[in-house]
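K.L.:
There's a structure below that I have some questions on.
The values are calculated or read from the model by the stated rules, or taken from the named source; none is laboratory data. Everything quoted here is computed from the prediction, not taken from an experiment. Cβ placement follows ideal geometry from the backbone for every residue including glycine, while neighbour counts extend to all protein chains displayed. The area values use the complete protein model at the heavy-atom level, side chains included, leaving out ligands, DNA and RNA. Shrake-Rupley method; radii C 1.70, N 1.55, O 1.52, S 1.80 Å.
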Amino acid sequence: MDAFEAQPLGYEYEFDNRICRYKPDFLLNHTDSTQKFIEVKPQSKIADEDFRARLLKSKPSSS
């Protein structure tokens, strides 16, 4: 890892025919120039099926 940023700029995505905003907890910048979003949530939140569905849908598209 080369660097990280807490709550980097977010983006919008569509879920259930609505536009939703998403701001990840961290953005990791690796030495090979790749980047990865990190989301930190308690187990109780992760156990919620609706939350998991929204989180999966919010992933940015690969270019």
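K.L.:
Using the structure shown, decide if Ser33 is of a type in the set (Gly, Ala, Ser) and open to solvent by less than 100 Å² (accessible area, probe 1.4 Å).
P.N.:
No.
K.L.:
Turning to a different aspect of this structure: Taking the condition touching a residue at least 12 places away in the same chain (Cβ under 8 Å) and in a loop (DSSP other than H, G, I, E, B), does Leu27 pass?
P.N.:
no
K.L.:
Restricting to segment 4-25, name every residue that is farther than 15 Å from Ser58 by Cβ and surrounded by 10 or more Cβ atoms within 10 Å (Cβ to Cβ).
P.N.:
Listed by number, the residues that qualify are Phe4, Glu5.
K.L.:
Applying the selection to segment 8-22, what residues are modelled with pLDDT of 90 or more and in a loop (DSSP other than H, G, I, E, B)?
P.N.:
Passing the criteria: only Asn17.
K.L.:
Restricting attention to segment 37-53, which residues are of a type in the set (D, E, K, R), part of a loop (DSSP other than H, G, I, E, B) and within 16 Å of the chain's Cα centre (by Cα)?
P.N.:
The answer is Glu39, Lys41.
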